[in-house]
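The structure appears right after this line, and notes come after that.
The values are calculated or read from the model by the stated rules, or taken from the named source; none is laboratory data. Just so it is clear, the model here is predicted, and its values are computed rather than measured. Positions of Cβ are generated from backbone atoms using ideal geometry, with glycine treated the same way; all protein chains shown enter the neighbour counts.
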Amino acid sequence: MAQRAHRWRDTAAALTAGGLLVLGPGIPGASAAGEPRVDLRVLVVDDGGAPVRAIAGRLRSTGIPYTTVDLDDPDRPRITASFLGDTVAGRPRAKYQGVVLPNEAPFGADSAEQRALETYERTYGIPQVDASTWAHPGVGLDHTDQGGWAGSLDGREATVTPAGKAGYFGYLDGAFTFEDNAPSVPESHGYAARPREGFTSYVDLPVPGGTGRGSLVGEYAHDGRRELVVTFAYNGSQRQFRVLARGIVEWLTRGVHLGRDRNHFAVHVDDVFAPDSRWDTERDCTPGDFDCPDGDGEGTAPIRMTADDAAYAARWQRERGFTLDLVYNAGSGEEWKARHGNTDALADRLLADKDAYRWINHTYTHPYLGCVQDTSTVPWSCAKNADGGTQWLGRAEISAQIRDNHAWAVARGLPVDRTELVTGEHSGLAALPQQPEDNPNLAAALADNGVRWIASDNSREPGQRPAGAALTVPRHPMNVYYNVGTAREMADEYNWIYTSRADGGSGVCENSPVSTCLDAPLDVATGYATHIVPQEARTALGHVLSNDPRPHYVHQSNLAEDRLLYPVLDRVLADYAALFADDTPLENLSQRETGTELRRRAAWQAALADGRVTAYRIGTTVTVTAPGGTRVPVTAPEGTRQQLLLGTAEFGTPYAGRRSAWTAPEALRSSVTLRLPS
C-alpha cells in the first residue's frame, strides 16, 4: 500500500506541474475508461473568521459557485462520504473541486468528519486551502522557535518564490508589502517558518532578526493530499489578500473553474467644457451652491481647464498608456465661448485630440433633471404642484438636453456612443432624502435617445438597476473634489469635512457611529501630497484588485491649475505596475462595456442562486449547461479549445497566465464544452 501511495504522489507532481486536476486512486467504480466526474463547485467551511469570509467573497466576485457549511449552525449538514460524493449515471462524482477550511483540521484531527473529508480529498485529488493557521509540523513547517518568527507583518515586504512564480502566483511581479495604514494599530499578524519535507513555499520573507527565509504561503503535499497553507491573518479589504487572492483561487481550482477575474480601472472626467465653482477658503463653502450665502450662481473665479491643460492630458495619456473618458457639456462650452469673444482655445485643443479620448454625453448644459428644486430652504426640497404632487422636469426638456449634446459631438466627429449617458449630479435618478424615486419622465427621454447605460453614484446605489429600458452603471466617486483647483484648496476643504469642531472643522466627521475625524488638521501646504494622495490611491487600487469593473469619476477642475488628479492616477498605475506581471494588464473598459459586464454578472449570479447551472469535469473535458441566453464565465489553462459543431476553436482570451471568456453554447449545441490540454 505504501508503494502505491508513493506512485500516486509521483503522478500528482507531474500532473500538478501541467495545471491539471489530479485524480487519486481508490475511486469507487472508476476504471481507465470511466474517469470520475468532478463538479465545478467549491466547499467552504465557515467558522465566522475573516480569512474564510475573504476567500468566499473572492469566489463570489469571480463567479465561482460554492456551498457554505457554517460551523456555528447546530443544524448544519455533517461532512460524510455521501455529502461529499455520490454516483451519477453509474459514474463516481466528486461534488466539490476544492475545499476551503479555516485551518488544517477544523472538525478535530481524529473526528469522523475530518476523516471523511481527508478520505474524499485523497480519493479524488481534491485540494484544500487552510485559510489561516500557525506554523507547526502538522502543516509541514517547523515551529517558529526553530529558526522562524512570529509577529506583526505590518509594513514588511514579502516575495513570491520561484516555485510560486512558476505556478499559480506567476501573475505577480515578485514582491509586495503588507499594509501599515495605522502605525499604532496592529493590522496583520503572521508566522514565518522553515519548510519541512513535502512543503513548497510560494510566498516568503526574510526571517526578522534571524537568518534565511520563512514561508507565509505554501503547498504541503502529504499522505496523498495537498494543502495550501497560509500562516497569517487577513481580511477581504487588505491589499495583501487582494494581491494573493487570484493565486489562492487558481490553486484551489487548479486553474479550471467557472467565473472570470480581471483587474479593471477606468476614470470619467465630468463637466468637460463647463466651469466648476471654487471652494471659498474663508467662508468654508462654495459660492454658487444653495448652502453658501450670497452665491452668484457660478461662483467666484470658476475653475476651467486651459488649452495647456488639455495638451498635458493628451500627453499624459500617451506616456501612461491609459485612456480617460471625457464626460462633456457642449452647451456650457458654447456659453463660455460666447462670453469670451467667441473663442475657446480649450475646445479647439480637445477637439484636435478628440480621438485620444473616449467621450460620454453629460447633457448639453448640465441642468438638474429630477424634480424642480425649491431652493428657498437649506437643504433644498422638491417643489410641489397645487395638488401637492411633485413638480418634475418634463420629458421634452430632458430629451433635448441629451439630443442636443449628442448632435454637437456628431457634428464635430467626436467618437461618442449614443447609448451612454451621465446626467449632471446623476440627476433624474432617485436621490435621497429629497427625491426618493426616479423622475417619471426620465425613462421615456432615455428611450427617445437610444440611451441604454446611465451612470449612477456607487456611494448611493452600488447595485445595477433598470431605469426604464436602460441600466445604471454605478461609478465610484474619487475624493478629489470638484470645486478645487489647487492643493491648498483641496486640503482646506478636506480639513473642513474631516476635522472636529474643536479643531475648526465642520464636525460632520463626528456625526457617524464611528468617527472619521483626523487626529489633527492637515497642513494645507503639504497635506494633499502627503495624506490625501496616498489614501485616495490606496482606495482606488483596492477597487482595482477586487475584480470591480465600476469606473471612478472626477471633474475637469481636477485636470486644471494644480492638476490634482494626476498624482493620484500616477500612484495607482505605478503601484499596480510594481505588483503585477506584464500578462496581467489593467482593463480600461468603456461605460457600455462596464454595464454589459455588470449585467452578465447579475444574470450569472441569479442562475447560480436558482440552481440552474450544471458544470463538471471528466478527465480533460469540461461541460457547462446554463439557462438559455445566459452567458457563462469560464477560466481555463492556456491551450484549452472550445468544442464547435465541427471541430474546435481556441477558447477565450489570455489574462494572468490563463484564458477566460463569457461564452455560450455554439449553434445547435445545448452546452458549452471545453477540451483542456493534456
Failed condition for residue 489, given (1) in a loop (DSSP other than H, G, I, E, B); (2) crowded, with 17+ Cβ neighbours inside 10 Å; (3) out of contact with any Gly (no Cβ under 9 Å at 6 or more places or on another chain): (1)
State whether the residues of region 114-122 include one that is in contact with a Ser or Thr (Cβ under 7 Å, 6 or more places away or on another chain) and modelled with pLDDT of 95 or more. yes
Got a sec? Which of 154, 145, 130 is crowded, with 17+ Cβ neighbours inside 10 Å, closer than 30 Å to residue 182 by Cβ, free of Cβ contacts under 8 Å to residues at least 60 places away in the same chain and among the acidic types (Asp, Glu)? 154
From 242, 196, which residue is at pLDDT 95 or above, surrounded by 20 or more Cβ atoms within 10 Å (Cβ to Cβ) and at negative phi? 242
Any chance residue 342 is within 29 Å of residue 413 (Cα to Cα) and surrounded by 14 or more Cβ atoms within 10 Å (Cβ to Cβ): no
Residue count, region 169-191 (criterion: assigned to a loop (DSSP other than H, G, I, E, B), surrounded by fewer than 21 Cβ atoms within 10 Å (Cβ to Cβ) and not small (Gly, Ala, Ser)): 8
Name the single residue, out of those in region 436-459 being assigned to a loop (DSSP other than H, G, I, E, B) and acidic (Asp, Glu), that is surrounded by the fewest Cβ atoms within 10 Å (Cβ to Cβ). 437
Quick test for you: out of 147, 98, 155, pick the one residue that is of a type in the set (Gly, Ala, Ser) and farther than 24 Å from residue 188 by Cβ. 98
Taking interchain pairs and intrachain pairs at least six residues apart, which have beta carbon atoms under 7 angstrom, with the first residue in region 532-549 and in contact (Cβ under 8 Å) with a residue 60 or more places away in the chain and the second among the polar types (S, T, N, Q) and assigned to a helix (DSSP H, G or I)? 546/61; 547/61; 547/62; 549/594
Among residues belonging to region 300-342 that are free of Cβ contacts under 8 Å to residues at least 40 places away in the same chain and touching a strand residue (DSSP E or B) at 6+ places or on another chain (Cβ under 9 Å), point out the one that is nearest to residue 572 (Cα to Cα). 302
Candidates 462, 474, 513 - the one that is modelled with pLDDT under 95 and either in a loop (DSSP other than H, G, I, E, B) or buried (at least 20 other Cβ atoms within 10 Å of the Cβ) (or both): 513
Could you run through region 631-655 and say how many residues are in a strand (DSSP E or B), within 21 Å of residue 600 (Cβ to Cβ), free of Cβ contacts under 8 Å to residues at least 40 places away in the same chain and of a type in the set (Val, Ile, Thr)? 1
Selected residue [touching a residue at least 12 places away in the same chain (Cβ under 8 Å) and surrounded by fewer than 18 Cβ atoms within 10 Å (Cβ to Cβ)] from 611, 628, 619, 595: 619
Is there any pair linking a residue in region 578-590 that is farther than 15 Å from residue 165 by Cα and assigned by TED's automatic domain parsing to the domain that holds residue 452 to one that is crowded, with 17+ Cβ neighbours inside 10 Å and of a type in the set (Phe, Trp, Tyr), with Cβ under 6 Å and at least six apart or on different chains, and which? 586/265
Residue count for region 105-127, restricted to those that are farther than 23 Å from residue 199 by Cβ and either buried (at least 24 other Cβ atoms within 10 Å of the Cβ) or not small (Gly, Ala, Ser) (or both): 1
For region 305-312, state whether one or more residues are surrounded by fewer than 17 Cβ atoms within 10 Å (Cβ to Cβ), at pLDDT below 95 and of a type outside the set (Ser, Thr, Tyr). no
Please state which one of 589, 573 is in a loop (DSSP other than H, G, I, E, B) and either within 18 Å of the chain's Cα centre (by Cα) or surrounded by 17 or more Cβ atoms within 10 Å (Cβ to Cβ) (or both). 589
Restricting attention to region 159-168, which residues are surrounded by 22 or more Cβ atoms within 10 Å (Cβ to Cβ) and more than 25 Å from residue 538 (Cβ to Cβ)? 168
Answer from 102, 65 - the residue that is surrounded by 14 or more Cβ atoms within 10 Å (Cβ to Cβ), under 24 Å from residue 199 (Cβ atoms) and under 31 Å from the mean Cα position of the chain (by Cα): 102
